[in-house]
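The block underneath contains the structure these notes are about, expressed in structure tokens.
The values are calculated or read from the model by the stated rules, or taken from the named source; none is laboratory data. Not measured: the values here are computed from a predicted model. Cβ placement follows ideal geometry from the backbone for every residue including glycine, while neighbour counts extend to all protein chains displayed. The protein model used for the area step is the full one, side chains on, heavy atoms only, and it has no ligands, DNA or RNA in it. Shrake-Rupley method; radii C 1.70, N 1.55, O 1.52, S 1.80 Å.
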Amino acid sequence: MSQNRHVWLRAGALAALLALLLGAFAPGPALAEKGDRPQAKPSGDSSESGNPFGGLFGGDDEDEEMVKVLDTYEPSGHDYSAIAVDRPRALGIFRSWAYGLVSDAALDAYVNKVLRRIMAVAPEKPIPAKAYVLSDDTFGAYAAPDGGIFITLGMLRDLENEDELAFVLGHELSHIIYRHHDKDWYLKTERRALTAAGLTHETLATAEGLTGTEIGATKDFKTGVLVGALMLEAHTVVIDPAFTREQEDEADLLGLDLMIAAGYNMAATITLLEKLDIWEKQQEAKKPKRTAGEREADMEEAATEGGLGGLFGQAFEDLTSVIEEEKAELSKEHVPAAERNAVLQNYMLGPYMMEVPPPITPLAWHDATPEGAAILQLIEKYNAARSAFMALGGGDLQKAESLARKAIEDATKHDAYPRMAFYSVRKAQGKGKLAKKNLELAMAGKEPSFAIYARAIEDAKAAEDWQLAVAHIEEARKRLADTPTLLPLRIEVYPKVGRKSEVAELLIECKADYPSLADRCAIAAGQEPAKAPEVEALEEGASSLTN
């Protein structure tokens, strides 16, 4: 068979498949080249690999049987039941991530119901996997080696159907099944979370210093904007463990098999990865285009021509640039969604070519059910909180307050993200006591997050109420698995209450175990920072914020 005939046959088969899946003769993303196609192979046999596409595209044996990865998978004998022992550490890391976890019974129950449906057809059992929702506007999901699967509220909000959710969960579960994580995954992930938290803290401190000569609501307003907006921006830093191309292919193919075996429509993989492709391109467009010198010049110009408001606008842009540089470094091995989509479409032309898919399953919050209505209301409340931050950034305090009020109801009374929106509004209004009340309500909830405790500690420090600051620190240590993001605060505050003897040991821990915090820890102790290698790359970009 000629090469041209192979190409036309393959393209025609794909068009027919997409028409069957999507009900429309629309062209899909570009196909992967033959060398990029994943090869299904029995577990434990690395000497030979089978062709999952059979002879459809002119393989060595055109009558070769087309196989599914799930059918060739051989149980590893690994004791997955024991992996959950490390779950508290993973939860501590993600509770320190932006605004932490969303605590909502209806949403948790729904996402985990879909996960259990996927787990029921998994080739390994039992796996103590559980899904958690991150209070984050990004479009992403992450798997921890302990079986925890973390999916952002931003992704859930943008999904079109339950089938897309099933693929996301199947993909992340597959990473856990294959044990793709590095042995030092927890340490690497924790350090990346520290980078984001550190950038936010330092930029916020710089911003507050810039407004130190201001009085009244001006300082509080600018602080309120930065507390909300910069915290969100900083925590878009990639936390993905940078799986290899082979690992992503394995997770995609097994994830696809799992969702299909669980009764979902494979077309969702195409639409989901198209959404991810759009998200990735949006992030790519944010990459910094300026040098550190250019950023410094822009900062000076903004301060001269735009006054305080212009200065803060430039500070925000500078932080974004520094963060994007860090994101670029962390995501060097990232496999683009478009390439993953092409590989999956080719795989569908193999074992699933003749399969008739089931109807698409709507998301719970797209149905007029009590469960769906409760979840939809929660999403709307978080959207209102997000809009409140945006209104603050635009200087519309009245609109910001109205939106912040809409974000709060019984179900979100103690949620960190809506409460931080209201806190920021109250700070902008110069109403310190009411702002503090919002932090207290969040800390009384199930998922207060590091962001809430950090602001409560900073407010206590500003009031020189050191006993209260320590009380917040100790409570945060208990509830956030003693997150190392608290180390600089502990070093700074402990001497104020007679605990100076603990500082030397904390400094050693900070320098040895968490290099990205070394500078902050040294400064907190009143020492000259050692300038750890991990932070040198950030200093050049951040220098314009402090000059």
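Working note: Karplus 6.51/-1.76/1.60 with θ = phi - 60° gives the range 433-450 the couplings 5, 5, 4, 4, 4, 5, 5, 4, 5, 5, 5, 7, x, 7, 10, x, 6, 5 Hz, where Gly and Pro are set to x. Annotation: peptides 351-358, 77-84, ranked by per-residue average of other Cβ atoms within 10 Å with the highest first, follow the order 351-358, 77-84. Between D482 and M354, full extension at 0.36 nm per residue minus the direct alpha carbon distance yields a gain of 40.8 nm.
The residues packed around E464, meaning those with a beta-carbon under 13 Å from its beta-carbon, carry a net charge of -2 if Lys and Arg are +1 and Asp and Glu are -1.
Find the accessible area per residue for the range 71-164; the probe is 1.4 Å, ligands and nucleic acids are left out, and the unit is Å². Show your work: numbers first, answer last.
Numbers: 3080 Å² over 94 residues.
I get 33 Å² per residue for this part.
Charge tally for V133 (other residues, Cβ to Cβ under 14 Å; Lys, Arg +1; Asp, Glu -1): -2. Once C-alpha pairs closer than 8 Å and six or more residues apart are averaged by separation and normalised to the residue number of the range 449-517, the relative contact order reads 24 percent. Sparse packing (at most 15 other Cβ atoms within 10 Å of the Cβ) combined with a DSSP loop state is found for the following GluC sites (Glu not before Pro) in the range 394-461: E409.
Amide hydrogen proximity for K130: with H placed 1.01 Å from N in the peptide plane, the residues at 5 or more positions away or on another chain lying under 5 Å are G148, I149.
Placing R0 at 41 angstrom, the Cβ-Cβ distance between K275 and K446 gives a FRET efficiency of 0.85 after rounding to 0.05. With a point put 7 Å past each Cα toward its Cβ, work out how far L434 is from K500 in nm, to one decimal. A separation of 4.2 nm, rounded to one decimal place. Here the simple spin-label model places points 7 Å from the Cα toward Cβ, and for E74 and L187 these points are separated by 3.3 nm.
Summary value for the range 66-179: 26 percent relative contact order, contacts being C-alpha pairs under 8 angstrom separated by 6+ residues. Considering only C-alpha atoms, what is the centroid distance from the range 452-522 to the range 344-422, in Å? Here the two parts' Cα centres lie 34 Å apart.
Applying both filters, DSSP loop and at most 11 other Cβ atoms within 10 Å, to the chymotrypsin sites (Phe, Trp or Tyr not before Pro) of the range 401-486 eliminates every site.
Classified by the C-alpha gyration tensor, the range 366-512 has a prolate form. Its axis ratio a/c, with a ≥ b ≥ c, is 1.5 or above, and a/b is larger than b/c.
At an R0 of 30 angstrom, the distance between the Cβ atoms of K113 and S402 translates into a FRET efficiency of 0.30. Computed from the C-beta positions of A462 and E380, the FRET efficiency with R₀ = 35 Å rounds to 0.55. Computed from phi, the 3J(HN,Hα) profile of the range 108-114 under the Karplus parametrisation 6.51, -1.76, 1.60 (θ = phi - 60°) reads 4, 5, 5, 4, 6, 5, 5 Hz, with x in place of Gly and Pro. Taking Lys and Arg as +1 and Asp and Glu as -1, the other residues whose beta-carbon sits under 11 Å from that of E164 total -4.
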